[in-house]
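For reference, the structure discussed in these notes is given below.
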Amino acid sequence: MEIKLNLKQAGVLAIAAVAALSVQARGGKRLSEYVNPFIGATTNTQMAKAEHGLGKTFPGVATPWGMTQVSPNTITGGDNGSGYSYEHTTIEGFALTQMSGIGWYGDLGNYLVMPTTGPLHTYRGEAERPEEGYRSRYDKESETARAGYYAVRLTDYDIRAELTATPHGGVMRFTYPENECSRIQIDLARRVGGTSVRQYVERVDDYAIRGWMRCTPDGGGWGNGGGKADYTVYFYTRFSKPLECYGVWSAEFPEGMGRKLENVTSPEFAEAVRRAKVTERPDRMEGDHLGFYTEFPTREGEQVLMRTAISFVSLEGAEANFKAELRGKDFERYCEKAAALWDEALSKIKISGGTEDERTIFYTSLYHTMIDPRDYRDVTGEYVGGDRKVHKTDAFKKRTVFSGWDVFRSQFPLQNLINPEVVNDMINSFVTLAEENGTGVYERWEFLNAYSGCMLGNPAIAVIVDAYMKGIRGYDVEKAYRFARQTADRMGTIRNWDIRPAAAAYRKRWNTDTSIGVWANGPRLWARRRMPASITGADRHTVKYSIRKRDGSACATPTARGRTGRKKDACRSGTVAWSAIPTNRVGSCRTTCPAWWKSWAVATKCWPIWNPFLKTRRANSIGIPIIIMPMNPCTTCLSSSTAWGRRGSRSTGRV
């Protein structure tokens, strides 16, 4: 389905479904040409005037919902989840995987590739002294990004790097100066927010290598280990130059040295990597901190091509992905195919009116909503499940990276309209994961099968019910309902509070249910109570969750001490009086935005709200926020995808 809208219609968007599918905007310009991947691509906290920073998107290349994100990385440490910030002046390398628009230190950034010349450096170096490592300064004027293509000139080496992507792989083309010792080197241990803890690499033939990188919480990453990220990236790479002079470096660390973010950014860690032992021409090698390099002479302007496919399943899966997508050597053809995929994806919404800049903002925001949840399967249909076993399905695409706590109210309602198959895939992924890992509950922030417990609420419930009420039902509905009920009963809203007994103290202290969260879980419980009557006729469940949902109104009483910032007398008068809310309380409704913004997202019983399911307008009806909410300035429906990076006010400044 395509949606047509006029940019001049402000506030609530008026949309109309049309049948035609077009890949061009007015004047014949391709929709992919409106995308500017630099929008949002900064983590700068000073510009943001907030500790969260700005958009935290990446400027590199991805395909819609693709497994790979081929992008430059400028930083490893700090709260820089995308690995890149526009104002940085040096580049560490180009990775095959990235997260987009997130905080909590980030993760991925695996398989960091850097073209170099001259002496071999095994450590990345520091931004202030790039010549002491393999990182390089770069020419900002040369940096180019569009949907399907990225390029930059590395000034320290006088090398032009160009990137593009396929759904399961990446293609890099490097243009070298004349040099007797040109090189491609790959830091197999590198990871945003930490390091991989074990790596393996082997030579396949004269042009190819393969291997894997094991990432666990011990190596930091998501939440610096607190997000419980535990995954392995497998790779298969072919070079256009033969492997004649190649080798592997291996670093050893003092006993007791950790591998988390604070360790990998320490002087002791840097010194250990600088002293890494280099082994020439090994057939295979495994270790705790490995890197691979291949050296060759180059003529002025000679181009070297590197094609890599990845898998989260196996070495065989990575090779199968390579054979399915990366057999050819025509770099421009890969760029065109990636751009064409974006033309088709972006054509789901056709706009009229507005300036050139406004159309760029619009389609870039739409572009950012189609990066996650990404495809987690190989081309064979295999994926790693929550039980760490390999599963295979052709019934749906296994998806991952669900930033549930904020995408339930914005990105997913949009995808219900323009990409219902993606939402159906995600719900199947929820259900199968909850079953595979034996928890029987949905996670609020899922990352590569990990239940991170990040943020608050039970957002998967709202996503499932919204989709169900819109007719998206290509999954086991009874099982989805059962897990939703178990989630509502067992999961609290406060990070690391996983069961209701732990939340009892919260309810007693604040005279409200932690499942409200404070605002965040109201819509989940409203949504949860809609399912039994629609699916099973279980009236006792409907009553149960209706009662719990109404606990949200308790937040408005004086005993809640400003918990939601709304006073009882204001409720009776039909007006809203917002009070100051402390910022130091766990679960405060000021999470990520001022209290009064919350009023735009949640309809309470004292507001007359149109309820599309009750088909009536009355003061006591409870509207479902994911259906009727106006656009929130921090989470617009076209710019929110995960955390702060997709939000219009931060990633574009104008949506």
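Per-residue Karplus couplings for region 172-180, computed as 6.51 cos²θ - 1.76 cosθ + 1.60 with θ equal to phi - 60°, are listed in order as 10, 10, 10, 9, 9, x, 5, 7, 6 Hz, Gly and Pro entered as x. Annotation: amide H of residue 58 within the under-5 Å range of 101, sequence separation 5 or more or interchain, hydrogens built in the peptide plane.
Estimated translational diffusion coefficient (Stokes-Einstein, Kirkwood radius over Cα pairs, 25 °C, 0.890 mPa s) of region 347-433: 169 µm² per second. In sequence order, region 475-484 has phi-based couplings of 8, 6, 5, 4, 5, 4, 5, 4, 5, 5 Hz under the Karplus curve 6.51 cos²θ - 1.76 cosθ + 1.60, θ = phi - 60°, and Gly or Pro positions carry x.
Diffusion of region 244-309 by Stokes-Einstein, at 10 °C in a medium of 1.306 mPa s and with Rh set to the Kirkwood radius over alpha-carbon pairs, works out to 111 µm²/s.
Placing +1 on the Cβ of every Lys and Arg and -1 on the Cβ of every Asp and Glu, with no other charges, gives region 187-284 a dipole of roughly 220 debye about its Cα centre. Neighbours of residue 289 by Cβ distance under 15 Å: Lys/Arg scored +1, Asp/Glu scored -1, total +2. For the cross-link pairs 56/277; 228/389; 350/397; 260/329, the ones whose C-alpha atoms lie over 29 Å apart are 56/277; 260/329. For region 378-491, taking Cα atoms only, Rg and Dmax work out to 13.0, 37 Å respectively. Using a cut-off of 12 Å between beta-carbons, work out the net charge of the residues near residue 176 (Lys and Arg +1, Asp and Glu -1, residue 176 not included). Around residue 176, the charge tally is 0.
The equivalent ellipsoid that matches the C-alpha gyration tensor of region 213-368 spans semi-axes of 36, 26, 17 angstrom, in descending order.
Between region 239-270 and region 200-223, the C-alpha centres lie 12 angstrom from each other. Taking amide hydrogens as placed 1.01 Å from N in the peptide plane, the amide H of residue 95 sits under 5 Å from those of 71, 73, 113, each at least 5 positions away in sequence or on another chain. As an exercise, identify the trypsin sites (Lys or Arg not before Pro) in region 299-346 lying in DSSP coil whose Cβ has no more than 15 other Cβ atoms within 10 Å. Sparse-neighbourhood loop trypsin sites (Lys or Arg not before Pro): 299, 327, 329. Neighbours of residue 199, meaning other residues whose beta-carbon lies under 15 angstrom from its beta-carbon, give a summed charge of +3 when Lys and Arg score +1 and Asp and Glu score -1. Restricting region 284-361 to GluC sites (Glu not before Pro) that sit in a DSSP loop and have at most 13 other Cβ atoms within 10 Å of their own Cβ leaves 300.
Bear in mind these aren't lab numbers, they're just calculated from the coordinates by the rules spelled out. Remember, predicted model here, so these are calculated numbers, not experimental data. Using ideal geometry, Cβ is built from the backbone for each residue, glycine included, and neighbour counts are taken over all protein chains shown.
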